[in-house]
Each structure stands twice: as C-alpha cells, then as structure tokens.
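Have a look at the structure below before the remarks.
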Amino acid sequence: MENRMTTEKDTSLDLAAWPALADPIHDSQRCFRQVLGALSEPGKRQTLTPFQGSPPHLGVALWGTLLALCDLETRVWIGADLDSASLRQALTFHTGARLVDDPALADFALLTPESFDPATPFAMGSDIYPDRSTTLLVVVETLVNQLGWRLSGPGIAESRDLNIGDSAGCQALMKRLGANRASFPCGIDAIFGAGDQLAAIPRSTRIAGGPSRPTAATEVN
Amino acid sequence: MNGYNFAYLDEQTKRMIRRGLLKAVAIPGYQVPFGGREMPMPYGWGTGGVQLTASILGADDILKVIDQGADDTTNAVSIRHFFQRVAGVETTTATIAADVIQTRHRIPETPLRSGQILVFQVPIPEPLRFIEPSEQETRLMHALEEYGVMHVKLYEDIARYGHIATTYAYPVKVDDRYVMDPSPIPKFDNPKLNDSPALMLFGAGREKRLYAIPPYTRVESLDFEDHPFEIQSWEENCALCGSDHSYLDEVITDDKGGRMFVCSDTDYCQTRRGEVA
Amino acid sequence: MYVAVKGGEQAIANAHRWLADRRRGDRQRPELEVAQIGDQLRLAVDRVMSEASLYDPELAALAFKQASGDLTEAVFLLRAYRTTLPRLAISEPLNTGDMRLERRISATYKDIPGGQILGPTYDYTHRLLDFLQLAGADVPPAEVREDVSEAEPAPGILDLLDDEGLVEREIDDGAEPADITRDPPDYPMDRAARLQMLARGDEGYLLALGYSTQRGYGRNHPFAGEIRLGQVEVEIHVDEWDETICVGEIALSECQMINQFGGTREAAPKFTRGYGLAFGHNERKTMAMALVDRALRAEELGEPVIGPAQQAEFVLAHADSVDASGFVSHLKLPHYVDFQSELDLLRRLRREHARNSSPDLGESLDRPSTEEETSARKSGQGKHDRESGVHGL
C-alpha cells in the first residue's frame with residue numbers, strides 16, 4: 001500500500017502553490033463531467049473552475065483534471081519542461097498517483113507541445129485491449145474554436161474547428177493525433193488545457209488541415 | 001445515508017469507473033473492462049447502470065429512471081429510490097427535464113437533447129456471446145473485426161423464417177468499427193441510437209464491462225441489401241393517447257382474447273394526453 | 001378504462017414489511033440471537049464468510065439471520081457490505097503449516113508425524129436423526145486435552161513427499177497476485193487468480209464439478225494428501241516500525257490433493273497437486289476446490305481438455321453465486337417490451353406460415369420461402385459467402 005505519510009515531510013512550502021479541491025467529492029464529479037463532455041464532443045471547449053488560485057504552469061483545468069482522475073492506481077509521466085520537484089510532491093500528496101519515467105507505463109502523460117516528441121513511446125493499447133493506453137494532458141497557450149484544425153467523427157455533428165497554436169510542436173502533436181485513425185482502435189487520446197479552458201481530441205477523431213490552411217473558419221458549436 | 005458516500009460508491013471506485021468511461025467515449029462501441037463492484041442490489045438488476053449513474057451523478061443533476069419505458073415499474077421505482085436515498089438528488093419522470101436518465105430496455109420516445117446522458121443497464125454486453133460463448137474468442141473477434149459470423153447468424157434466421165428473428169438487443173455497428181449490443185431495447189429503438197445529440201453510456205455490472213456511444217455518432221443496425229433493417233409497427237394506436245408512432249405494450253383486458261395497446265413510455269403517453277386534453 | 005400500474009413504491013414497502021414479519025415468525029417464541037447463530041450454526045456462518053470473502057463471524061451470522069437462512073442471500077448481503085470497506089493493509093502470506101490444529105487427516109499414510117486428529121467431524125456420525133435434540137437434551141461438554149500446547153509438530157504431508165522429490169514443488173515467484181475483487185476477469189487467468197475465484201465460488205457448484213472429474217470427465221486420480229482445520233495467525237508488516245505483527249487469528253480449512261504424476265523426457269515423473277482453502281470449517285468446499293483446481297491445470301500439465309471442469313473460462317465465469325443468482329433471478333423483472341417484440345414477430349411468422357402452407361403451395365416454416373430463395377440467389381449469396389451483400393460490415 002502506498003503511504004502518503006512519507007511524502008508529507010518538507011512539502012508545506014511547495015504545496016501552497018498547488019490548490020486542492022475544496023470539496024473533493026463534488027468538485028471531482030464536476031471536473032469529471034467536464035472532461036467527459038470534452039472527450040464526448042471532441043474540440044468543444046469546457047470551462048473548469050474547480051478552485052481559486054492558479055497552479056504553476058499547468059492551468060486550473062488540467063490541474064483539476066489530474067486531481068479528479070488520479071489516485072493510487074494511476075501512473076503519471078511528466079514531460080521534462082513541466083517537471084519540477086514541487087509538481088511531483090504536490091501530485092503525489094494530493095492524489096497518491098505513482099510517477100513513472102517510462103512513458104509506456106503511463107495512464108496520463110503531462111506535457112506541452114514544445115516538449116512533445118512524436119517518438120515518445122506512449123502506450124497505445126492493443127487490438128484486444130485498446131483501452132490500455134496513455135492519455136495526454138497537454139498544456140497549451142491557445143485553445144479556441146476557430147481557424148485551425150478541422151475535426152470530424154464521433155461526437156461532432158458535422159465538423160468543428162480547433163486551434164491549439166501554430167508552433168512546430170503544435171503541428172507535430174496534431175500530426176501525431178491525426179495518425180491515430182490509422183492505428184484505430186489503438187491510439188492515444190489527448191486533453192488540452194489552457195487556463196480554465198479544456199478541450200479534447202480522442203483517437204476516434206478525424207483531423208484535417210492545420211492553422212495555415214486557407215479554408216474559412218466556421219464555428220460549429 | 002449514514003455511513004455511505006455520496007451516491008454510495010467510494011471515490012476510488014468512482015474514479016476507476018470514470019477513467020473507464022473516458023476510454024469508452026474515445027473508442028465508441030468498444031467494451032472497456034472495469035473492476036465492477038457488488039452493489040446492494042442483485043447482479044442482473046441494473047448494477048452496471050447503477051454504478052455508471054453513481055459515478056457520473058452530481059448533486060445538481062435531475063435523475064429519471066425507467067424500466068420498460070415506464071417510471072413506475074418496480075425496479076425503476078427501486079433504483080430511483082436508491083439514488084434519492086444515497087445521493088439526495090432531485091428526480092423526475094419528465095424526459096425533457098432530466099439530466100441523467102437510467103434505463104432498462106427502452107429509449108424514451110421524446111427526442112433527447114444535447115447535454116443529456118442516457119445510461120443503459122446491460123445484461124450481456126457481448127453481441128457475439130450467443131454465437132461464441134468464450135470471452136477469449138470474442139475479444140479476438142472484435143480485435144480482428146471478424147464479424148462475419150454475426151451476419152451468418154442473422155441470415156440463418158432469414159433462411160428459416162423469412163425474417164431476421166432478432167427483435168431486441170439487435171446488434172449495431174458503431175462508427176463503422178465495433179459491433180455492439182445496444183442492450184435489450186426493442187429494435188424499434190435502434191434508430192434513436194444513431195446521431196443522437198445525447199451521450200449514451202452502457203454498463204454491465206456482472207460482466208464488468210462498460211461502453212459508450214458519443215453524441216452525433218453513426219450507429220447502423222446490421223442488415224442485408226435484400227433484407228434491410230426495419231422496425232416494429234402496429235396496426236393499432238395507443239388506446240390512451242392515440243399515438244400511432246410509439247412503441248406499444250400489449251395489455252390483456254379479459255380472458256376472452258380482449259386486448260389493448262398502450263404506449264410503453266409512460267411519460268410520453270401522459271404528456272400527450274395532457275396536450276390532447 | 002385501463003390505468004397503468006401505479007404505486008410500485010408502496011408495494012415494495014409493503015413487501016418489505018411482510019418479509020420482516022415472516023422472518024420474525026411466531027412472537028410467542030424468543031427471537032433468535034445473532035450470537036446463537038454464530039455458536040450453533042457455525043458451519044452455515046463459515047460458508048457465508050467463505051463465499052462472501054469476508055472473515056467476520058458476527059456479521060456473517062447477522063446476514064444469515066437477516067436472510068432467514070437463505071445461504072445465497074446471506075453471501076450476497078455480506079459481499080455487498082464487504083465492497084464498501086476500505087482496504088487498510090495487506091497481510092503477509094498465511095502460514096498454514098503453523099496452524100493450531102483442530103483436525104488434521106491424511107488419506108495417504110496410516111501414521112504421520114503429528115498424528116491424525118479427527119476433530120469435530122460429522123464423518124463417522126451415523127445419519128440417524130437425533131430425536132433427543134428435539135427434546136432439548138443437555139449436551140455434556142467435550143473433554144479438552146491439557147497437553148495441546150505441547151503437541152508434537154505436524155509438518156505438511158506434501159512437504160514430506162517434496163523432500164523426496166516425489167511431488168511437484170511449488171515456488172513463490174514473488175509476483176503480486178491478481179486481485180479478483182478489484183480487477184475485471186481477464187482470461188486466460190493464472191492460477192493465483194483462479195484459486196481466488198474458486199475460493200469464493202459456490203460450494204454446490206464446485207462440488208458438482210469436482211465430482212464430475214471423479215466420474216471420468218477429466219479424471220485426475222486424486223488422493224486426499226492432507227486436510228487440516230484450525231486457527232492461523234494473520235500478520236501484517238508495519239512499514240513505520242519495519243516489523244511484522246500479528247493482528248489476530250482466523251479459522252481456516254485447507255485441502256492438499258495429491259494427483260497423478262506427469263513427466264516428460266526431461267523431467268522425471270512427479271505427483272501433481274490440487275489446492276483448496278476456505279475460511280472456517282469448510283472441508284467439503286476445500287476438497288471440491290482442490291479437485292477443480294487440479295482439473296483447471298490440465299493445459300499447463302499437457303493433459304487433454306475433455307471435461308467441463310477443465311474448461312477454465314466456463315468453470316470460473318459461472319462459479320460465483322452472487323453473479324449467478326442475480327442473473328437467474330433477474331428473469332423475474334418485467335420484460336414486457338422484449339416479450340412484445342417477440343410476440344409481434346411470432347404473430348407475423350404464423351400469419352405468413354398460414355398463407356404459405358395453403359395446400360397448393362405446400363411450404364412450411366422449416367424451409368425458406370420461395371421469395372427468400374430467389375433473393376438470396378439473386379444477390380449471389382451462398383451460405384458461406386454472404387458478406388458481399390451485407391450492410392454495415
């Protein structure tokens with residue numbers, strides 16, 4: 001059994017920056033429903049405001065997602081540019097999640113488009129158990145339903161535009177997610193967070209275009 | 001309820017189910033294994049649906065529970081009472097007012113709207129089970145998309161009876177990939193699965209599987225070019241509200257062959273009568 | 001005018017009141033105490049604890065009382081309670097070799113170190129109804145041996161065979177076993193998970209399956225190597241103190257079957273094992289479990305899988321009485337909707353049958369109608385090549 005007592009020492013200073021859910025039962029439920037909504041309707045933005053304050057680097061939405069979904073049975077991988085002793089301590093303290101160095105073992109992977117490397121061997125599940133895969137939690141600067149990538153597939157009535165930024169990292173990440181269709185049902189699901197905004201692209205989503213494509217933006221929400 | 005958590009399940013179990021649900025919506029129609037727990041009601045009586053509802057339900061949600069389309073059947077009453085007791089949530093019989101609807105064997109006649117979640121109780125989640133009883137085999141068949149046997153089964157019906165003899169739990173294909181059991185709803189309800197604005201979640205407690213159809217997802221009932229899928233129809237109208245387009249229950253009125261037909265969806269029928277009156 | 005059935009809630013409440021009244025029975029007689037059940041119906045209590053996989057004699061007795069003696073219902077009650085309990089610690093593996101024995105027998109050796117202890121068994125009772133119990137006769141206390149604490153050690157019989165290399169050795173590979181109470185079943189299942197499923201499997205079911213192996217459906221030539229019953233200490237390791245401490249004692253039954261040997265060109269033949277373990281005094285259950293455990297090892301030991309008891313998925317998926325009774329009893333729930341859809345189809349088929357079986361056509365339901373044959377031919381679909389004409393595949 002994991003023991004939270006051992007992580008409690010010396011954390012008082014760092015932990016202050018990482019708020020807990022004020023009402024763990026009902027706040028978790030609200031966060032979860034937003035995340036469920038995000039994955040059920042890919043690209044549709046949800047607003048998560050589970051607490052006051054702003055956890056460093058991650059944003060309220062993704063930190064709330066972690067608190068709502070992680071526990072002793074969850075393994076989390078943290079990308080280099082988000083990794084910090086205080087995040088590790090806070091995550092372990094608040095959720096009991098196990099931190100792993102091997103991305104293939106991770107249930108959740110915390111990263112930014114900038115640190116995303118398409119070659120990182122996240123778990124994609126198997127044809128028999130495609131659910132045994134890593135879900136990416138991606139910290140982005142931009143998360144808007146306008147000119148960007150055009151999403152279609154389950155959860156989307158016709159199509160929906162989503163823009164997560166046009167950096168090389170964003171392009172590489174979206175390209176990777178676009179490749180999910182070829183490996184379906186194996187693949188990785190992604191949840192994007194920018195501040196209190198959250199949107200997701202599961203592996204079932206077809207992705208077309210990119211920020212530079214000429215087609216006019218349409219808001220289909 | 002003293003001694004038990006909100007909505008009965010402990011938070012760790014809820015998180016486990018919630019993580020499973022996220023996979024389920026990401027892989028529409030795929031049966032996600034989950035560590036189903038014993039519930040204080042028997043397996044086969046809706047424990048899968050109850051666990052899903054308990055995991056998604058919030059204090060502000062309005063819950064509707066139906067069995068056979070009706071709010072007043074004993075098991076619907078019992079499950080609704082359970083959630084009133086362990087979650088203190090508001091309940092309703094009005095389809096239109098509900099945020100979460102737990103159902104056994106029907107999809108409401110009133111079209112569902114965006115934001116609603118329909119939770120199905122599922123006895124046997126595996127559509128291939130009655131063709132191949134082994135779980136190891138059926139998982140492999142899903143992995144390899146080996147669904148020919150299902151069509152052979154349906155076609156044998158046609159050869160024998162002149163019709164596909166499956167009238168409920170009629171298999172569907174979700175987003176052109178997974179063949180899925182829609183739970184024992186009459187095939188009359190199958191078209192409502194397709195392109196629905198609502199999220200549909202399916203829970204099988206005893207078999208420890210959950211699966212989902214996200215909103216706006218293509219769901220096709222399996223059929224053949226020369227035997228296209230068709231739904232039940234009645235020559236009669238509902239004896240109470242006059243509906244000529246809803247699923248009807250047959251009610252025996254005497255021992256001389258007298259019978260009448262009434263809407264199986266009690267809320268729909270009552271609402272129509274309210275409007276008619 | 002027809003009115004849809006109402007008042008389900010009232011009906012349920014009334015049913016519960018009636019049930020409670022029936023359970024209490026004749027008020028002229030004293031109410032059964034839970035403690036009495038624990039004392040005097042202990043075998044029922046032990047079975048409830050075993051199949052519920054919760055060691056709590058008092059609550060098992062309560063469940064038995066609450067269920068009016070329906071064992072399956074009592075197992076379900078206790079199991080549903082169990083699932084709400086937090087997991088505070090995981091015990092060290094129990095050492096049944098250190099059991100404080102109440103009973104210990106071996107069918108393979110006449111005399112064994114530590115001796116054969118018959119213990120409180122029904123084995124040699126003549127099954128004659130004891131009418132004295134009807135009259136409430138006093139029962140003289142059993143005499144307790146004073147020298148119990150100095151009893152000579154009773155090493156496991158199979159360990160003695162193992163010392164000679166005659167029985168397969170079981171080695172703890174240190175791997176963390178699956179936890180069937182938390183993880184969904186994943187077939188094929190390893191032996192640790194199988195044993196867990198069997199340990200809480202329904203006794204009657206395991207008994208029938210074990211029996212079937214004896215009658216030739218997957219025979220495995222068993223000998224009851226050793227059966228022991230008694231108290232075993234439960235220990236947990238406390239990380240903070242880096243110490244292992246005893247947190248209590250539980251009663252256990254254990255059966256080790258010795259079964260016919262396997263062997264290959266490389267490995268000399270050895271006896272194989274079947275294992276059974278249960279809470280409390282549950283001897284029949286552990287024997288049946290050991291037979292089924294051994295049967296389920298058929299594939300591992302290179303034996304043909306011919307009997308039902310050897311088919312792991314079949315055996316394990318249907319062993320749990322909570323699963324099985326729930327699903328069988330769910331047939332009591334309303335199925336108006338599905339039944340109506342079957343009625344509708346049946347009426348339609350019968351109409352068509354009547355039409356088609358008029359004398360000049362001579363068709364019957366057992367054969368496809370002329371129309372169907374034509375359409376199948378038209379679309380070029382033979383019996384084994386139908387995918388071509390299929391939608392949604």
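Just a few scattered comments:
- Kirkwood-based Rg to Rh ratio, chain C, C-alpha trace: 1.09
- With one equal scatterer per alpha carbon and no solvent term, the Debye-computed log10 I(q)/I(0) for chain A at 0.08, 0.13, 0.15 1/Å reads -0.27, -0.72, -0.96.
- Calculated FRET value between B:His245 and B:Asp157, using beta carbons and R₀ = 25 Å, to 0.05: 0.40
- Dipole of the protein assembly as shown computed with +1 at Lys/Arg Cβ and -1 at Asp/Glu Cβ about the Cα centre; of B:Gly162, B:Gln102, C:His126, farthest Cα towards the positive end is B:Gly162.
- Averaged over the residues of B:117-130, the number of partner chain Cβ atoms lying within 10 Å of the residue Cβ comes to 1.
- Using only alpha-carbon positions in the protein assembly as shown, the gyration tensor eigenvalues give semi-axes of 48, 39, 30 Å once each is multiplied by 5 and square-rooted (largest first).
- Computed E for C:Val238/C:Phe261 - FRET, C-beta separation, R0 45 angstrom, nearest 0.05: 0.55
- Charge-dipole axis of segment C:13-82 as Lys and Arg at +1 and Asp and Glu at -1 on Cβ define it, positive-most pick from C:Pro57, C:Leu77, C:His16: C:His16
- Partner shielding of A:23-36 amounts to 5, given as the average count of beta-carbon atoms from other chains within 10 Å of each residue beta-carbon.
- Among C:Ala309, C:Ala268, C:Ala61: highest mean-square fluctuation, GNM of chain C, C-alpha pairs under 10 Å: C:Ala268
- Mean separation of Cα contacts under 8 Å (6+ apart) over length of segment B:109-185, as relative contact order %: 31 percent
- With q set to 0.12, 0.13 Å⁻¹, the log10 of I(q)/I(0) for segment C:41-164, from the Debye formula over equal scatterers at the Cα positions, is -0.76, -0.88.
- Prolate/oblate/rounded label for segment B:107-232 (Cα gyration tensor, a/c 1.5): oblate
- In a DSSP loop and with at most 15 other Cβ atoms within 10 Å, the GluC sites (Glu not before Pro) in segment C:240-343 are C:Glu240, C:Glu266, C:Glu299, C:Glu300.
- Exposure proxy for C:Val238, B:Val119: other Cβ atoms within 10 Å of each Cβ, ordered fewest to most, give C:Val238, B:Val119.
- Put simply, the Cα atoms of segment C:13-82 extend 33, 27, 14 Å along their principal axes, the longest span coming first.
- Averaging over all projection directions, the Cα-based convex hull of segment C:114-247 occupies 15.1 nm² in the image plane.
- Against the rule of thumb 2.2 N^0.38 Å, how large the Cα Rg of segment C:225-309 comes out: 1.46
- Its Cα gyration tensor gives segment B:233-277 an equivalent ellipsoid. The semi-axes, each the square root of 5 times an eigenvalue, are 20, 11, 9 Å from largest down.
- Dipole magnitude for segment A:4-209: computed about the Cα centre from +1 point charges on Lys and Arg Cβ and -1 point charges on Asp and Glu Cβ, it is near 540 debye.
- Longest site-free stretch - chain A; sites: trypsin sites (Lys or Arg not before Pro), DSSP loop, at most 16 other Cβ within 10 Å: A:10-131
- Those chymotrypsin sites (Phe, Trp or Tyr not before Pro) in segment C:75-173 that DSSP places in a loop and that have at most 16 other beta carbons within 10 Å: C:Tyr109, C:Tyr122, C:Tyr124
- Once C-alpha pairs closer than 8 Å and six or more residues apart are averaged by separation and normalised to the residue number of chain A, the relative contact order reads 23 percent.
- Filtered trypsin sites (Lys or Arg not before Pro), segment C:253-315: DSSP coil and at most 15 other beta carbons within 10 Å: C:Arg265
- Residue-averaged 222 nm ellipticity for the protein assembly as shown, from DSSP H runs of 4+ at -39500 (n - 2.57), nearest 500: -9500 deg cm²/dmol
- Beta-bridge orientation, chain B: approximately 60 percent antiparallel, per DSSP, counting only bridges with both partners inside.
- Taking the C-alpha atoms of segment A:50-96, convex hull volume expressed per residue in Å³: 71 Å³
- Principal axis dimensions, largest first and in whole angstrom, of segment C:222-266 by Cα: 50, 30, 7
- Chain B: C-alpha gyration tensor shape, a/c 1.5 cut-off, then a/b vs b/c: oblate
- A:Asp102, B:Asp181, C:Asp344 arranged by Cβ crowding within 10 Å, fewest neighbours leading: A:Asp102, C:Asp344, B:Asp181
- Pairwise centroid distance, computed over Cα atoms, of segment A:71-102 with segment A:125-191, Å: 23 Å
- Using alpha-carbon coordinates, inclination of helix A:24-40 to the longest axis of chain A, degrees: 20 degrees
- In plain terms, the bigger the Kirkwood radius, the slower the diffusion; for segment B:1-80, with that radius from Cα pairs, at 37 °C and 0.692 mPa s, Stokes-Einstein puts D at 237 µm²/s.
- Contact order, relative form, for segment B:233-277: 37 percent (alpha carbon pairs under 8 Å, 6 or more residues apart, mean separation divided by residue count).
- Packing, taken as the mean count of other beta carbons within 10 Å per residue, orders the peptides C:324-334, B:159-169, B:67-77 from highest to lowest as B:67-77, B:159-169, C:324-334.
- Centroid-to-centroid, using Cα positions, segment C:1-78 and segment C:87-104 are 30 Å apart.
- Exposed-loop-free span, longest in chain B, where GluC sites (Glu not before Pro) count as exposed if DSSP calls them loop and at most 16 other C-beta atoms lie within 10 Å: B:1-144
- Virtual paramagnetic centre 7 Å along Cα→Cβ of C:Gln231, amide N under 16 Å, in segment C:120-146: C:120, C:144-146
- Under 5 Å between amide hydrogens, built in the peptide plane, is the criterion, and for C:Lys270 it picks out C:Gly262 among residues at least 5 positions away or on other chains.
- Averaged over the residues of C:308-316, the number of partner chain Cβ atoms lying within 10 Å of the residue Cβ comes to 1.
- Spin-label pair A:Ala182-A:Ala157: with each label point 7 Å from Cα along the Cα-Cβ axis, the two points sit 3.3 nm from one another.
Quick note: the coordinates plus some simple rules give every number you see, no bench work behind them. All values derive from a computational prediction rather than experimental measurement. For neighbour counting, all protein chains shown are included, and Cβ atoms are generated from backbone atoms with ideal geometry for every residue, glycine included.
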